[in-house]
């Protein structure tokens, strides 16, 4: 059996209404001045204001940072550092989707350890302690609240950098399915499919182990059984809770086994053509599964008797594209995309050897 190093670093509070405990949990950490990293959607939905009131009710001072986008980049992180420094914060809270959570982690790196974001590309580059953090996901997607990596794009090249460190773990994750009820259908679809891909990819990586398999399998069970339900009955709180917990468990699987070539091929599509991450994933995942089948088909069958067909049906239910040509990606760009995909970090954990030729074959199959 493959060895592993399990070190749970995050306290998890799961359940409807848990968001109301945000202020008490922050005060329990010993915080006095908080940086609330919340995307614009959180402000419009009223969740950022609600979080501010919950924190202030416990006597905490709150600085809010909204100025970042769906794929946080190095410039956005630098802007957040300026806000954190001016407020002399001692706690950072990420509220929103994966972008909010990753941006919070990125700000923490540069605020506490100095330098610029690229200094932390890779693993364990933070020499000094980092501030405690609370993660409050409002989408069932990235599972970032369960991971010690921040995915930050280079503002100039748009290349995504994975910056990880044990000190970047959230001290507390609040999983409240009520916060996911306001998601638009398209966001439920794209984030949910991304979570499904995490369960599938982590289950077959070369770094998988006995612990990660438990997370991957249970994540797939929860997500596969609830994804179509939340699309057709968005107010079903039980199904929303299963999606949120499934997303978190898939994030724990990533933390313990990493990802594969689906994400390696998806990232260049986002960097070059601005394709939303979950949309890119949907156009690739079943084709990657077919490409990997010669070496791990038995494991895929543990998840579903015909996994490619199931993934296609789930994408169709979500009205997500099944092929790259549906995204108007020029066919002549595929060799260039393959060059970029071969350099992506996650590709090295794919169960089938992944290189430029493999990436091109996947793109051509998906086209």
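The values are calculated or read from the model by the stated rules, or taken from the named source; none is laboratory data. Since we're looking at a predicted model, the values are computed, not measured. Note that each Cβ is placed from the backbone with ideal geometry, even for glycine, and that neighbours are counted across all protein chains shown.
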Could you check, for the stretch 59-69, whether at least one of its residues is within 22 Å of the chain's Cα centre (by Cα), over 24 Å from residue 270 (Cβ atoms) and modelled with pLDDT under 95? no
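Here's the yes/no breakdown for (1) surrounded by fewer than 17 Cβ atoms within 10 Å (Cβ to Cβ); (2) modelled with pLDDT of 95 or more; (3) closer than 28 Å to residue 228 by Cβ:
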| site | (1), (2), (3) |
| --- | --- |
| 305 | yes, yes, yes |
| 317 | yes, yes, yes |
| 320 | no, yes, yes |
| 324 | no, yes, yes |
| 335 | yes, yes, no |
| 346 | no, yes, yes |
| 353 | yes, yes, no |
| 357 | yes, yes, no |
Selected residue (only one of 62, 89, 83, 12 is assigned to a strand (DSSP E or B) and touching a residue at least 40 places away in the same chain (Cβ under 8 Å)): 12
Filter pass, residue 205 being buried (at least 21 other Cβ atoms within 10 Å of the Cβ), assigned by TED's automatic domain parsing to the domain that holds residue 341 and not in a helix (DSSP H, G or I): yes
Taking the condition of being surrounded by fewer than 18 Cβ atoms within 10 Å (Cβ to Cβ) and under 22 Å from residue 326 (Cβ atoms), how many residues in the stretch 265-301 meet it? 4
If you go through the stretch 149-168 one residue at a time, do you hit one that is crowded, with 24+ Cβ neighbours inside 10 Å and closer than 21 Å to residue 55 by Cβ? no
Sort out which residues of the stretch 43-58 are modelled with pLDDT of 95 or more and either assigned to a helix (DSSP H, G or I) or under 17 Å from residue 182 (Cβ atoms) (or both), and write them in order of number. 46, 47, 48, 49, 50, 51, 52, 53, 54, 55, 56
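Yes/no per residue for (1) part of a helix (DSSP H, G or I); (2) at pLDDT below 95; (3) under 19 Å from the mean Cα position of the chain (by Cα); (4) closer than 18 Å to residue 257 by Cα:
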| site | (1), (2), (3), (4) |
| --- | --- |
| 173 | no, no, yes, no |
| 194 | yes, no, yes, yes |
| 201 | yes, no, yes, yes |
| 217 | yes, no, yes, yes |
| 223 | yes, no, yes, no |
Residue 4 in a loop (DSSP other than H, G, I, E, B) and closer than 30 Å to residue 239 by Cβ: no
Against the conditions (1) out of contact with any strand residue (DSSP E or B) (no Cβ under 8 Å at 6 or more places or on another chain); (2) crowded, with 20+ Cβ neighbours inside 10 Å, where does residue 245 fall short? Just the number, please. (1)
For residue 233, work out the one condition from (1) surrounded by fewer than 21 Cβ atoms within 10 Å (Cβ to Cβ); (2) touching a residue at least 12 places away in the same chain (Cβ under 8 Å) it doesn't fulfil. (2)
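Restricting attention to the stretch 97-114, does a residue exist that is in the same structural domain as residue 175 (by TED's automatic domain parsing) and surrounded by fewer than 16 Cβ atoms within 10 Å (Cβ to Cβ)?
Yes; the residues of the stretch 97-114 include at least one that is in the same structural domain as residue 175 (by TED's automatic domain parsing) and surrounded by fewer than 16 Cβ atoms within 10 Å (Cβ to Cβ).
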Select, from 115, 141, the only residue that is at positive phi and part of a loop (DSSP other than H, G, I, E, B). 115
Residue match in the stretch 15-28 (condition: in contact with a helix residue (DSSP H, G or I) (Cβ under 9 Å, 6 or more places away or on another chain) and without any contact (Cβ under 8 Å) to a residue 24 or more places away in the chain): no
Only one of these conditions is not met by residue 249: (1) more than 20 Å from residue 16 (Cβ to Cβ); (2) in a helix (DSSP H, G or I); (3) touching a helix residue (DSSP H, G or I) at 6+ places or on another chain (Cβ under 9 Å). Which number is it? (1)
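Table: residues versus (1) part of a loop (DSSP other than H, G, I, E, B); (2) over 27 Å from residue 47 (Cα atoms); (3) at pLDDT 95 or above.
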| position | (1), (2), (3) |
| --- | --- |
| 99 | no, no, yes |
| 103 | no, no, yes |
| 119 | no, yes, yes |
| 126 | yes, yes, yes |
| 135 | no, no, yes |
| 162 | no, yes, no |
| 182 | yes, no, no |
| 211 | no, yes, yes |
